Amino acid sequence: SGAIYFPTWAEISVTGMLVALEALAFTLAVKYLPIFPEIKREHA
């Protein structure tokens with residue numbers, strides 16, 4: 001039909017909120033879960 005669609009501000013804000021929540025969840029997971037364990041090195 002040739003119609004052009006642009007999302008409303010509410011749709012954009014919901015998308016932004018979901019991206020922010022995913023970033024927060026990843027940050028908290030890396031901080032509190034042993035995903036990237038620390039390497040213990042012995043001093044010579």
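A few comments on the model shown:
- Per-residue ³J(HN,Hα) for region 2-12, Karplus 6.51 cos²θ - 1.76 cosθ + 1.60, θ = phi - 60°, Hz, x for Gly and Pro: x, 6, 9, 10, 10, x, 6, 4, 5, 5, 5
- Here each label is just a point 7 Å from Cα along the line to Cβ, and for Lys40 and Ala25 those points are 3.2 nm apart.
- Take the chain with all the other protein chains still there, run a 1.4 Å probe, and you get 108 Å² of accessible area per residue.
- Cα-derived Rg to Rh of the chain, Kirkwood definition: 1.44
- As a fraction of the 1.4 Å probe accessible area of the chain, surface on carbon and sulfur atoms comes out at 69 percent.
The values are calculated or read from the model by the stated rules, or taken from the named source; none is laboratory data. The structure displayed is predicted, hence computed values, not measured ones. Heads up, the Cβs are rebuilt from the backbone with ideal geometry, glycines too, and the neighbour counts pull from every protein chain shown. Remember, those area values only see protein heavy atoms, side chains included, never the ligands or the DNA or RNA. Shrake-Rupley method; radii C 1.70, N 1.55, O 1.52, S 1.80 Å.
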